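A.B. asks: Before I ask anything, here is the structure I am working with.
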Amino acid sequence: MKEVEVEREGKKEKERWLKIEKFYYDNNIVKAFLYATIFWAFTGFLVGIILSLMLFYPNLPEIFFGHNLKYENGIMGFGRLRMIHTTTVIFAFIGNLIFTGSYYSLQRLLKSRMYSDLLSWIHFWGWQIFILLSWITFFLGINTSKEYAEHEWPLDIMICIIWIIYGINMIVTILKRRIKHIYVSIWFFIGTWVSVSILHIFNNLELPISFFSLKSYSIYAGVQDALVQWWYGHNAVAFILTTPILGLMYYFVPKASGKPIFSYKLSILHFWSLIFIYIWAGPHHLIYTALPAWAQMLGTIFSIMLIAPSWGGMLNGFLTLTWNKINKNHILKYFVLSLTFYGIATFEGPMLATKKLNAIAHFTDWIIAHVHIGTLGWNGFLAFGVIYWLVEKLWNTKIYSKLYANIHFFIGTLGILVYVIPMYLSAIRQSKMWKQFNEDGSLTNKNFVKSVISIIPYYKIRFIGGLLYMLGMIFMIYNIYKTIKKGYFIKNEACKSITDSKKEFEVETFHNWLEKKPITFFLLSLIVVSIGGIVEILPNMIIKSNTPTLTSVRPYTPLELEGRDLYIREGCNGCHSQMVRPFRDEVVRYREYSKAGEFVYDHPFLWGSKRTGPDLAREGGKNPSSWHFQHMYDPRSTSPGSIMPRYPWLIYRKLDKSKTLLKMKVMKKLGVPYLEKDIENAYNYLDRQAGLIEKEIYKESPEIKQQINFQKKVYGKKFFPLKEREIIAIISYLQRLGKDIQGID
């Protein structure tokens, strides 16, 4: 826009001229992220189906490996596949969806091409490489055990660098925009970037045992680690699976409906209240645990408060929809169902944060149903709607088949219902069986496996639901393929920007002013998001009375430390909790409820969030060592009806002791009171304890000794004794659990 002085009737006046600029949107990067979104969605759902099959057919890995399962080193282990599934769905599917939608919408909302094509492509390829490396490391058992953040330290750094690159590209694009005000979708992208940056950095503060090793330990321990992890874990759902998806909703729902968002004021309330309240809600994952009561209470209060902004956003979306077009518009159907599932999930979440319902639902399949309503329903269906919309726009054509899109919609809807309803039913059954007592005060179902066997039919139905959801997606992939084939891709989309002097708002409000100041907007978002984390986490870090020490609690021995790392490697905490809550049924079944001081040397904490198997917090001394040996080799030999997969590689692999001293030294730096003599004599202590466990197993089960002696003859020089194998280390760890609090030597 230019200003020139002209003379009219002897007076000089300023006259404004329109400025017309022609530029091009970058659709190439959008296409790349779109393809990645579809690929990783299919891959993530496929791994999920494999996992759901293993829940009632645990021998599935043997179909692939047969007798060689003992030599495959656990790459088909359930715990490892679970990490791959969650990472693929969260970071690969939803992550790529966020980038697809944000790169498309940012350019159009700001009337500017992305700041740097180079940064866009570094972002794209960096993110895909990170996902591939996640698969490789998880298959190899390299992980930190933290849910949704299992990546080891080099990958954490890589995520941070890529996220910063994305942020720079977005921020500079906003700064060089041709539109004065930034639209509501961009608010949510800004809030996401700020929040995820904080969450990722502080949750993944860890100390590597060596610069040349992928192994690290969290700098936090026990209760502190649990609080930070679920501050991150809950808000990974909030700021990866919710806020950026809301940003997409605020852009694509009005576009598909052909009218502006229903309420600008409601958008303001929705955004600021959501990012302020969400960050406080993490502790509701730790109700009835060893976390201080005041932190649990805050988590519950703010979780319940979340209903207001969440439903405000849902209503804003619903009231924007053009309802009379839904029957004819295949895209609007997906958005309607997506918003419906958003409403269900954001009502159910706060209800699960109440003590009454949490006592029933936590550790059961209810949580699985809740999570999948959010991912398959809210995220999945909005993603499908966005994908259909973008394919038509990018390839300048109409969808190949509305019939296939509608079939996808109905099969996908049926799939979700067939998936989650059995999980709700199984959760009720689980909770009832766990808590049921006889008239004489004894547990009706003392054996945990009974509750597992009773819900297997529900797992089979759930598997069918997953297959239906996948079938719907196959219809979508074929439909998109045919649509692309008949269309013409617009690589660089031409656009004209017309700038004039007309004000966008007649009356300037604070928020109107704020929308013109992106840096101020970023800083204010940072402050709003940080308040909850500071109030909840800092007191637990600096006030020692929040984590009282117990004199009976000792550091892990070198062998137990190695065994704990094997437990983490296999992802055992994904199925087994280590947290006895102060309920009558849990104390009777598992003994004394858990205390905060028990976990002061646990880097990281391993409380878990699901009981597919029984709690292990008091496992030490409960079963003989030979029982654990047999249980790992074939769980059904010791627990008929168990759905736990076999872990024979633990019995055939030699324990790697090369990093034991490094691990102990790092633990000492983190505050574990190892003495210098403990570290100097670590290998002697390790060998002595391993030898004692080996003798114990041979005494309890002579047939195991016979098997090992037979192996000695077969393997010759390649043979190594039982005491040097991984199984001994993991048995030492399991036999240690809970003994300190019981006062058992």
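A.B. asks: I'd like to compare 383-390, 709-716, 577-584: which one has the highest average count of other Cβ atoms within 10 Å, and what's the full order after that?
C.D. replies: 383-390, 577-584, 709-716
A.B. asks: Please list 3J(HN,Hα) in residue order for the range 457-473, calculated via the Karplus relation 6.51 cos²θ - 1.76 cosθ + 1.60 where θ = phi - 60°; whole Hz, with x for glycine and proline.
C.D. replies: With the stated coefficients, the range 457-473 comes to x, 5, 5, 5, 5, 4, 4, 4, x, x, 4, 4, 4, 5, 4, x, 5 Hz.
A.B. asks: Whose amide H sits under 5 Å from the amide H of Ile287, counting only residues 5 or more places off or on another chain, with H placed in the peptide plane?
C.D. replies: Correct list: empty.
A.B. asks: Moving on. What is the calculated FRET efficiency for His181 to Asn73, with r their C-beta to C-beta distance and R₀ = 45 Å, to the nearest 0.05?
C.D. replies: 0.20
A.B. asks: Mind ordering 304-312, 554-562 by average Cβ neighbours within 10 Å, highest first?
C.D. replies: 554-562, 304-312
A.B. asks: Given 0.36 nm per residue, what is the gain on full extension from Ile453 to Leu538 after removing their alpha carbon distance, in nm?
C.D. replies: 26.2 nm
A.B. asks: Cα-Cα over 24 Å: which of Lys70/Lys713; Lys146/Lys695; Lys31/Lys146; Lys657/Lys723?
C.D. replies: Lys146/Lys695; Lys31/Lys146
A.B. asks: Mind checking the range 271-345 for trypsin sites (Lys or Arg not before Pro) that DSSP puts in a loop (not H, G, I, E or B) and that have at most 11 other Cβ atoms within 10 Å? Intermediate values should be presented prior to the final figure.
C.D. replies: Numbers: sites: Lys325, Lys328, Lys333; in loops: Lys328.
Passing both the DSSP loop test and the Cβ count: Lys328.
A.B. asks: Quick check: residue separation of Lys486 and Asn438 times 0.36 nm, minus the Cα distance between them. What number comes out in nm?
C.D. replies: 10.5 nm
A.B. asks: Take the solvent-accessible surface of the protein heavy atoms, probe 1.4 Å, and return the percent of it on the range 334-492 that carbon and sulfur atoms account for.
C.D. replies: Reported share for carbon and sulfur atoms: 67 percent.
A.B. asks: To the nearest 10 degrees, how steeply does helix 682-700 sit against the main Cα axis of the chain, on a 0 to 90 scale?
C.D. replies: 60
A.B. asks: Work out from phi, with θ = phi - 60° and the Karplus expression 6.51 cos²θ - 1.76 cosθ + 1.60, the ³J(HN,Hα) of each residue of the range 412-421, listed in order in whole Hz, and give x for Gly and Pro.
C.D. replies: x, 4, 4, x, 4, 5, 5, 6, 7, 4
A.B. asks: So how much slack lies between Phe710 and Glu508, counting 0.36 nm per residue of separation and subtracting their Cα-Cα distance, in nm?
C.D. replies: Numbers: separation 202, 0.36 × 202 = 72.72 nm, distance 8.55 nm.
Going from the current span to full extension adds 64.2 nm.
A.B. asks: Something else now. Ranked from the most accessible area to the least, with a 1.4 Å probe and all protein chains present, what is the order of Asp678, Asp365?
C.D. replies: Listed by decreasing accessible area, they come as Asp678, Asp365.
A.B. asks: Something else now. Mind counting lysine pairs for me in the range 338-450? Cα separation below 22 Å, and the two need to be 8 or more apart along the chain or on different chains.
C.D. replies: Lysine pairs meeting both conditions in the range 338-450 amount to 9.
A.B. asks: Compare the peptides 166-178, 224-236 by average per-residue count of other Cβ atoms within 10 angstrom and give them in order, highest first.
C.D. replies: Peptide ranking by packing, descending: 224-236, 166-178.
A.B. asks: Note the listed values (1) 75, 59, 59; (2) 103, 52, 49; (3) 112, 59, 54, then indicate which one is Cα extents along the principal axes in Å calculated from this particular structure.
C.D. replies: Of the listed options (1) 75, 59, 59; (2) 103, 52, 49; (3) 112, 59, 54, (3) comes from this structure.
A.B. asks: What are the residues whose amide H is under 5 Å from the amide H of Glu206, where those residues sit 5 or more places off or on another chain and H is modelled from the backbone?
C.D. replies: Ile219
A.B. asks: Provide, in order from the shortest bin, the percent of all Cα-Cα pairs of the range 149-301 in each 5 Å bin, continuing until the bin that contains the maximum pair distance.
C.D. replies: It works out to 2, 8, 15, 16, 17, 14, 11, 8, 5, 3, 1, 0, in whole percents.
A.B. asks: Trp323 label point, 7 Å along Cα→Cβ, cut-off 15 Å on backbone N: hits in the range 233-276?
C.D. replies: 262
A.B. asks: Still on this structure, please answer the following. 222 nm [θ] for the chain, helices only, -39500 (n - 2.57) per DSSP H run of 4+, per residue, to 500?
C.D. replies: Dividing the helical sum by the residues of the chain leaves -20000 deg cm²/dmol.
A.B. asks: Next question, about the same structure. Applying 1/(1 + (r/R0)^6) with R0 = 30 Å to the Cβ-Cβ distance of Gln742 and Leu526, what FRET efficiency is obtained, to the nearest 0.05?
C.D. replies: With a Förster radius of 30 Å, E is 0.05.
A.B. asks: I would also like to ask the following. If you average the alpha carbon positions of the range 692-732 and of the range 618-650, how far apart do those two centres end up, in angstrom?
C.D. replies: Each part's Cα centre sits 16 Å from the other's.
A.B. asks: Per residue of the range 350-366, what does 6.51 cos²θ - 1.76 cosθ + 1.60 with θ = phi - 60° give for ³J(HN,Hα)? Whole Hz please, x for Gly and Pro, Karplus curve as stated.
C.D. replies: Computed from phi, the couplings for the range 350-366 are x, 5, 5, 7, 7, 4, 4, 6, 4, 4, 8, 8, 5, 6, 9, 6, 4 Hz.
The values are calculated or read from the model by the stated rules, or taken from the named source; none is laboratory data. Just so we're clear, the structure is a prediction, and the values are computed from it rather than from any experiment. All Cβ positions, even for glycine, are placed from backbone atoms using ideal geometry, and neighbour counts span all protein chains on display. Surface accessibility is based on the protein's heavy atoms, side chains included, excluding ligands, DNA and RNA. Shrake-Rupley method; radii C 1.70, N 1.55, O 1.52, S 1.80 Å.
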